[in-house]
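Below you'll find the structure, written out as C-alpha cells, and then a few comments.
Just so it is clear, none of the values below were taken in a lab; they were calculated from the coordinates. What you see is a predicted model, and the numbers here were worked out from it, not measured in a lab. Every residue, glycine as well, gets a Cβ built from its backbone with ideal geometry; the counts of neighbours run over all protein chains shown.
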Amino acid sequence: TFRPAGAVTTKSAVTRKICQSCEIVTWVSGTWFLKVASMNRPWVRTQVVCQSAAPCGSIRNSSLYPCFAKASLDMKKLLLVLLVLLLLVPAFLHYSYLPSRAKAMNPTLNAPPYAASTAAKALHQMLRVADMHADSLLWGRDLNQRSAWGHVDVPRLLEGNVVLQGFTVVTKVPQNMNIESNTGDSDQIRLLSVASFWPPSAWSSLTERALHQAALLHKYAAASGGKLTIIKSQADMFQYMERRKQDPHITAGFLGIEGAHALDGKLENLDRLYAAGYRMIGLAHFFDNEFAGSAHGVTKGGLTPLGKQLVEKLEEKKMFIDLAHASPAVINDVLKLARRPVLVSHTGVRATCDNARNLSDEQLKRISDSAGVVGIGFWDTATCGKDAKAIAQAIRHAVDVMGVDHVALGSDFDGAIAAPFDATGLVQITDALLQEKFSEADIRKIMGENVIRTLQFFLP
C-alpha cells in the first residue's frame with residue numbers, strides 16, 4: 001500500500017535521477033526521505049515534500065513509483081524480521097535460557113536415592129514433616145510434575161513425607177547480591193519475568209509479581225487432583241489434617257513473601273496480597289526498602305515509620321512476620337512491637353557458622369520469648385557445611401539456646417542454593433538428628449510439629 005501524496009517540489013529530471021538511484025524511502029511527518037547517489041557526495045538525504053493529498057495512483061504512476069515500491073518491500077521485510085525476533089527471543093529465553101539458568105542456580109549436591117539408617121527411615125514415615133521456606137514458584141516449573149532438576153515439586157514432597165511446605169515468593173533481587181552490602185538499584189527478576197511469560201504488569205510491579213506467583217500456586221493446587229492444598233486459615237489446617245488421616249498421600253502449602261518491597265511502597269497493597277493467600281511477610285530481603293533495613297543492605301537501619309505501620313497491620317490481619325534477612329535493628333524493633341509469635345523462615349546460627357546472614361544467641365533467645373519459631377537452612381552459608389550433619393549441628397545449638405519447641409526446618413530449597421539433597425532426602429536430617437541423640441519426641445517437633453502447631457493456633 002502507498003501513502004496518499006500530491007505534487008512533488010522537484011524538477012522532473014532531478015526526480016527521475018533520484019528515483020533511478022534511490023536506496024531507501026521513509027515517510028516521516030508528511031515528508032518522504034530518499035537516500036540518493038551523487039557524484040560529489042556518495043550518500044546524502046534528499047527531501048521530497050508532499051504538499052497535498054492525492055490518490056495513491058498518482059504515486060504509483062509517477063516516476064517515483066520504483067522508490068516507493070522498494071521502500072514498501074524493504075519495510076515489509078524489516079517488519080517481518082522484527083516479528084520473528086519478537087517471537088524467537090522470548091521463546092529462546094523461556095525454553096532454553098531459563099531452564100538452564102534455573103538448573104545451574106539450584107543444584108543438588110547429591111543425587112537421589114538418599115541413604116539413611118533403617119531406624120531413620122522407619123521414624124521418618126511416622127513424622128509430619130514441615131518446611132518453612134522454598135522459592136519453587138519462581139522458576140517456571142509445573143509443580144505437579146516431577147522434575148529432573150530443582151528441589152521441590154508435589155511428587156517429591158509426597159515421597160519426602162512433607163505434610164506442609166512454605167512456598168515463599170521472591171519479587172526482586174539485585175545484581176551481584178551478597179550477604180554484606182547491596183543496593184536496590186538493579187533487578188534480576190525483570191528478565192526472568194519476561195522469559196517466564198509473566199503478565200506485562202509483572203515486568204515492573206513487584207506487587208504484580210507476587211500476585212502472579214500466588215496465582216500459580218492456586219493453579220497447581222486446582223490441577224493437583226486434591227494432592228496439594230493451600231492453607232490460609234485455622235479452619236483450612238483442621239480440615240486438611242482431618243483429610244490426611246484418611247489419605248496420607250497428600251500435601252499442603254502456605255504462601256510467604258521475601259521482602260516488603262513487594263508492596264510497591266503502598267500499605268494498601270497488603271490487602272491484595274492477603275486476598276491472594278499470603279500469610280507470612282518477610283520485612284526485608286537483600287536490600288533496604290521503604291519499610292525496613294536488610295542485614296545485607298547499605299544502611300541496615302531499623303523499621304521506618306511506614307514499617308511500624310506495616311507491623312501493626314500484619315498483626316491485625318494475623319499474618320506472620322518473617323525476620324529472615326532482617327537487620328539486627330529491625331529484629332530488635334519488631335520484637336519490641338510484636339504481640340504474636342514471629343518466625344524466621346530460613347537462617348543459620350552464628351555459633352556454628354559466623355556470618356551476617358545468621359542469628360546470634362541473644363536473637364535466638366528473644367525470638368523464643370515471643371513463642372516464635374526459627375527454621376534452620378540447608379545451604380553452606382547457613383550451616384558452614386554441605387550435608388545433613390551440618391544441618392543437625394546447627395539445629396542442636398538452636399535447641400540448646402531456644403528450647404526444642406522453637407526450632408524447625410527452613411530449607412531455602414529452590415532459592416538459588418546448592419542443597420545437599422532435594423525434598424526426597426529429608427530422611428537424612430531425621431537420621432542426623434538421631435545421631436545427635438535427639439529423642440523421637442524432639443525429632444517430631446523439629447521436623448514439623450512446631451510449625452504445624454504455630455499455624456494451627458495463630459493463623460486467622
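Taking 0.36 nm per residue of separation and subtracting the Cα-Cα distance, what length does fully extending Gln234 through Ala222 add?
Going from the current span to full extension adds 2.3 nm.
For the range 339-438, the Cβ-based charge dipole about the Cα centre amounts to some 280 debye (Lys, Arg positive; Asp, Glu negative; other atoms uncharged).
Using the average count of surrounding beta-carbon atoms within 10 Å as a protection proxy, the listed peptides 292-300, 328-336 rank, highest first, as 292-300, 328-336. Each Lys and Arg Cβ is given +1 and each Asp and Glu Cβ -1; about its Cα centre, the range 178-245 then shows a dipole of about 540 debye. Under a model in which nothing but the beta-carbon of Lys, Arg (+1) and Asp, Glu (-1) is charged, the range 191-348 shows a dipole of about 420 debye around its Cα centre.
What FRET efficiency would be calculated for the residue pair Asn355, Asp185, taking the C-beta separation as r and a Förster radius of 22 Å, to the nearest 0.05? Plugging the Cβ-Cβ distance into 1/(1 + (r/R0)^6) gives 0.40.
Kirkwood analysis of the Cα pair distances in the range 330-439 returns a hydrodynamic radius of 14.0 Å. Between His249 and Lys318, what FRET efficiency follows from the Cβ-Cβ distance if R0 is 35 Å, with the result rounded to 0.05? My answer for the efficiency is 0.70. Note: the range 161-224, Cα convex hull, 127 Å³ per residue.
Counting only Cα atoms, the range 267-335 measures 32, 19, 17 Å along its principal axes, largest extent leading. Extension gain for Ser439 to Glu268 (0.36 nm times residue separation, less C-alpha to C-alpha distance): 57.0 nm.
Between the alpha-carbon centres of the range 111-173 and the range 369-383 there is a gap of 17 Å. Available extension along the chain between Gln309 and Ser201 is 36.2 nm, counting 0.36 nm per residue and deducting the alpha carbon span. Simple rule: put +1 on each Lys or Arg Cβ and -1 on each Asp or Glu Cβ in the range 405-453, find the dipole, and look at Ala432, Phe413, Ile446; the Cα lying farthest toward the positive end is Ile446.
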